1. Which value, in Å³ per residue, describes the convex hull spanned by the Cα atoms of the range 27-115?
2. How would 199, 51 rank on accessible area, largest to smallest, probe 1.4 Å?
3. Let me check against my output: what whole-number percent is the relative contact order of the range 32-134, with C-alpha pairs under 8 Å and at least 6 apart?
4. When the chain is modelled as a GNM with alpha-carbon springs shorter than 10 Å, which of 50, 183, 159 fluctuates the most?
5. Could you name the lysines whose alpha carbon sits less than 21 Å from that of residue 211, not counting residues in the same chain fewer than 8 places away?
6. Ignoring ligands, DNA and RNA, how do 268, 105 rank by accessible area with a 1.4 Å probe, largest first?
7. Which whole-number value in Å³ per residue fits the convex hull of the alpha carbons of the chain?
8. Can you tell me how the range 152-218 classifies by the Cα gyration tensor, rounded, prolate or oblate, using a/c under 1.5 as the rounded cut?
Amino acid sequence: MTATGTTDGGGAARTAGTFAPRPGAAPLSRMIRAQALLETKMLLRNGEQLLLTVIIPTLLLVLFSAVDIVDTGEGKAVDFLAPGILALAVLSTAFTGQAIATGFERRYGVLKRLAASPLPRWALMTAKTCSVLVTEILQVVLLTVIAFALGWSPHGNPLSVVLLLVLGTAAFSGLGLLMAGTLKAEATLAAANLVFLLLLVGGGVIVPLDKFPDAAQSVLGLLPISALSDGLRDVLQHGAGVPWADLGILAVWAVLGLGAAAKFFRWE
């Protein structure tokens, strides 16, 4: 701003300001960061979301590690349970939590208004994905600390763990957005919670897949939660190398889920 002096009819001095505004949208990277920060704050302030993403996985890890309820095979129960609970944390955040939150944002017209802002639609989805990743990092840190306190002894290559978590996030995120963008909010709420419970029981998270009939094992093993939990268990419990089969299953689900979400997602 530059100031210039003038004099009115009575001789009094006045100061007039000359402004040089620079209208326009902020840089795209800054918009994505701001939206991702907002999404993360909203999630962390939501009690129901915290129950789903933090409290339930933590309680399951502590309960089933401390009490001999399910036969987890040889070794300490926490060595079997911790990888499955990490997979459950990804499911709860990337799929269930994101599906419910996005479904109600769509119902209340939030997505429609955001789509009309300078933030492109793909950038909005990128911000949501960044928020999911930040939440998952917090979940993994918390669950890892608790698992170590319970006597967990992980093995394996950390890079394989990261690959599994990233592909698992992509797969569940695509499926969650597909559900949120095609169903009504109430239907999304019911369906997302139902899927969460079914995958918790039948996805190898707490109950080993070999406890199911052979015919069921072949089907359940193709589910993304089964591939994620088994892959993490192979690496962290048994010290296996890169679990290519599980990574392949997750990659297929990621491509199908994200592709279908991009094609069929309705913003209104």
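1. Once divided by residue count, the hull of the range 27-115 is 114 Å³.
2. The most accessible residue leads, giving 51, 199.
3. Numbers: 57 pairs, mean separation 48.5, N = 103.
In percent, rounded to a whole number, it is 47.
4. Looking only at 50, 183, 159, the largest GNM fluctuation is found for 159.
5. Those lysines meeting the cut-off are 76.
6. 268, 105
7. 178
8. Here the range 152-218 falls in the oblate category.
The values are calculated or read from the model by the stated rules, or taken from the named source; none is laboratory data. All values reported here derive from a predicted model rather than from experimental measurement. Side chains are part of the model used for accessible areas, which takes the heavy atoms of the whole protein and leaves out ligands, DNA and RNA. Shrake-Rupley method; radii C 1.70, N 1.55, O 1.52, S 1.80 Å.
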